[in-house]
Amino acid sequence: SKLNPQITKDFHTLGIKICEGYGMTETSPIISYTPKNDIVPDSAGRVIKDVEVKIADDSEILVKGRNVMKGYYKNPEATAEIIDKDGWLHTGDLGKLENGYLYVTGRKKEMIVLPNGKNIDPNDVEAEIIKNTDLIKEIAVTEYKEQLVAIIYPDFDQIKAKQIVNIKDAIKWEVIDKYNVTAPNYKKIHDIKIVKEELPKTRLG
């Protein structure tokens, strides 16, 4: 998970340099790293020596170099799924290269592709919605019937403290509608679903 760039800036203000890097086990394990005297917040740094990175047409990060594994042990099928015939390892991450710096923008398998062809990283939408409210404890944005829907686990302590009776209406009016005012049309939330239990999570949250 990439570091929030504001955290990098806050530590830098205190005189502490945070050097962010990017890699995976299959690349032994580093692809890029931030030089300590050339930190760019939100970037995963510069691609390391003798490693090649290119961005595919669908924005996936591809890697080639001596650091890339030969393959998964006794599993040629899995190897063929991640390393193409030209030797490029497909990371499954999305990103961009700008001014020699690599930026990781999301996970390919997590992206929502709408019928109009727009790609949406639900993490970005979730972070934007939750940052301005104390009424939401957890949120998951997903696609339902070709539209974006937010599944919301409210902060019931805050709901009780503010004596809110209709939870769905309160969150829709005070949070979602405010977000929708400034969001691009393809990123607008069309409906919300309130749940009474925490959302299921992977081991990474």
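Here are some notes:
- Criterion (β-branched (V, I, T) and farther than 19 Å from D93 by Cβ) met by exactly one of I31, I7: I7
- Of the set (1) in contact with a strand residue (DSSP E or B) (Cβ under 7 Å, 6 or more places away or on another chain); (2) closer than 30 Å to V51 by Cβ; (3) modelled with pLDDT of 95 or more, all apply to N123 but (3).
- Just one of the listed residues (K108, K64, K96) is more than 30 Å from Y186 (Cα to Cα) and either at pLDDT below 95 or out of contact with any Leu (no Cβ under 6 Å at 6 or more places or on another chain) (or both), and it is K64.
- Close Cβ contacts (under 6 Å, 6 or more residues apart or on different chains) running from residues in the range 92-120 that are hydroxyl-bearing (S, T, Y) to residues that are open to solvent by 80 Å² or more (accessible area, probe 1.4 Å) comprise Y103/K96.
- The range 47-74, residues that are buried (at least 19 other Cβ atoms within 10 Å of the Cβ) and in contact (Cβ under 8 Å) with a residue 40 or more places away in the chain: V47, V53, I61, V68
Residues are listed down the side, and each one gets a yes or a no for (1) in a helix (DSSP H, G or I); (2) within 30 Å of I194 (Cβ to Cβ):
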| position | (1), (2) |
| --- | --- |
| H90 | no, no |
| D93 | no, no |
| D124 | yes, yes |
| E143 | no, yes |
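- Among (1) at positive phi; (2) of a type outside the set (A, V, I, L, M, F, W, C); (3) open to solvent by 60 Å² or more (accessible area, probe 1.4 Å) - the single one H12 does not satisfy: (1)
Per-residue answers, yes or no, for (1) in a loop (DSSP other than H, G, I, E, B); (2) not β-branched (V, I, T):
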| residue | (1), (2) |
| --- | --- |
| I16 | yes, no |
| P29 | yes, yes |
| K36 | yes, yes |
| V40 | yes, no |
| D58 | yes, yes |
| K64 | no, yes |
| Y72 | yes, yes |
| E81 | no, yes |
| K85 | yes, yes |
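The values are calculated or read from the model by the stated rules, or taken from the named source; none is laboratory data. Small disclaimer: the values here were computed from a predicted structure and weren't measured. In this analysis, Cβ positions are derived from the backbone assuming ideal geometry, glycine residues included, and neighbour counts consider all displayed protein chains. Just so you know, the surface numbers come from the protein's heavy atoms only, side chains and all, with ligands and any DNA or RNA stripped out. Shrake-Rupley method; radii C 1.70, N 1.55, O 1.52, S 1.80 Å.
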